[in-house]
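Asker: Once you've had a glance at the structure underneath, I'll fire off some questions.
Read-outs: derived from the displayed coordinates by stated rules, not from any lab. Every value quoted in this text rests on a predicted model; they were computed, and no experiment measured them. Cβ atoms come from the backbone with ideal geometry, glycine included; neighbour counts cover every protein chain shown.
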Amino acid sequence: MKHQSILGHLPLALSLGLLASPVLAESLTGGQVLQEFNLVVIGNATSSSEVDGRSFIGGTLNGGIYAGHPSATPASDYAGLTVLGDAGNVQVNGFGAVIGGNLTNSIINSGSSAVFGNASGNNFNGPAYVATNGGNNFNGGQDASLANATAVTASTSTDFGSVLTGLSTQLSQLADTGSTVVFDPYGKVTFNAVANAGGVAVFDLTGVDTAVFNAHEYQFNLNGATTLILNSDELTPTISANFIGGGAQAIGAATLWNFYGATNLTINNQFGGSVLAPLAAFSNYQNIEGGVFVNTLVQRGEIHLQPFNGQIPPVPEPESYALLLLGLGFLGVISRRRTSAYPA
């Protein structure tokens, strides 16, 4: 899904000088997205729960509490909540909000905000810019310069759909490092990690993922691994397993589940690790110990702040390959010259 631009909601953009601003924010990489955000939804989201860290919604948003733990949230140019479409009935507790459409019946408790549609029935406890004031409490005052704020510039700098889909595809192509899953007769699955030299353990679940997701309990043996990447091509997984022994919290920051084939994904119990499913309609009914990066969201459990601290194996850009080949060719020329100058 291509993100609509916030500029499309700015009838006063020219008079405010936003279109002429020379400041351009750089697009985030996949790894940066996993670090800076607790939640990214490419499309629409509804929530009756809380997100501890920073959130981005590419469509519309209804409900939820965001940036619940600002002191623990990694630094970023983005607001605590960025919504490219309309938002309503939300509460933001840190870093303010950038709303591309209308904002209704919401509370921004902390940070600067910018709303590029109509704002009505809101409490802004930090400074705010609104394009159309439909009746709000501006407890932090109004500031037109916030239309050009860093968080506004950042808000449309990254095509999250493209970045997350690219990351998911990249991870899906990683070779299994020899990690295994063991099933017992009582519905428990034990994940035995085997890491490469960089500490990364890759699980290719494609041959067993249906059985894994139907299991009742998960146990993890890291065996020295510092990063777990689990790849699945299952189309519509529903996961209700319990992570035994506090495993969900223990592995949360080091683990990335890559549901690269999923179009619908449901998690019914507490879940450990970040969820990457850029094509999926995602629903959670208990807490997620890690980030959530999905296509659409129905949130019924909390999304806890455990920024991914594992390693993403690098993939050279096409330009890098060209430079590498050029360098190898140059070295070959030098080698041939040396061979001719100093015959055996």
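Asker: Using +1 on the beta carbon of Lys and Arg, -1 on that of Asp and Glu, and nothing else charged, what's the dipole of the stretch 6-158 about the Cα centre, debye to 20?
Answerer: 160
Asker: Let me ask something else. Projected onto the charge dipole of the stretch 175-286 (+1 at Lys/Arg Cβ, -1 at Asp/Glu Cβ, origin at the Cα centre), which of Trp257, Gly245, Ala193 gives the Cα projection farthest towards the positive end?
Answerer: Sorting the options by dipole projection puts first Gly245.
Asker: Please report the projected area of the stretch 83-185's Cα convex hull averaged over all directions, in nm².
Answerer: 10.2
Asker: Can you divide the C-alpha Rg of the stretch 144-209 by 2.2 N^0.38 Å and report the result to two decimal places?
Answerer: Output field value: 1.85.
Asker: Going by C-beta contacts inside 10 Å, put Glu234, Glu217 in order with the fewest on the left.
Answerer: Glu217, Glu234
Asker: Over the stretch 205-293, what is the relative contact order in whole percent, taking alpha-carbon pairs under 8 Å and six or more residues apart?
Answerer: Relative contact order, the stretch 205-293: 26 percent.
Asker: Still on this structure, please answer the following. What translational diffusion coefficient, to the nearest whole µm²/s, does the stretch 6-158 have by Stokes-Einstein, given a Kirkwood radius computed over alpha-carbon pairs, a temperature of 20 °C and 1.002 mPa s viscosity?
Answerer: Estimated diffusion coefficient is 143 µm²/s.
Asker: Where Rh is the Kirkwood radius over the Cα pairs of the stretch 175-286, the temperature 25 °C and the viscosity 0.890 mPa s, what D in µm²/s does Stokes-Einstein return?
Answerer: 177
Asker: In what sequence do His216, His304 fall when counting other Cβ within 10 Å, fewest first?
Answerer: Listed from fewest to most nearby Cβ atoms, that is His216, His304.
Asker: Among Tyr186, Tyr66, Tyr218, Tyr285, which comes first, second and so on when ranked by fewest other beta-carbon atoms within 10 Å?
Answerer: Tyr186, Tyr285, Tyr218, Tyr66
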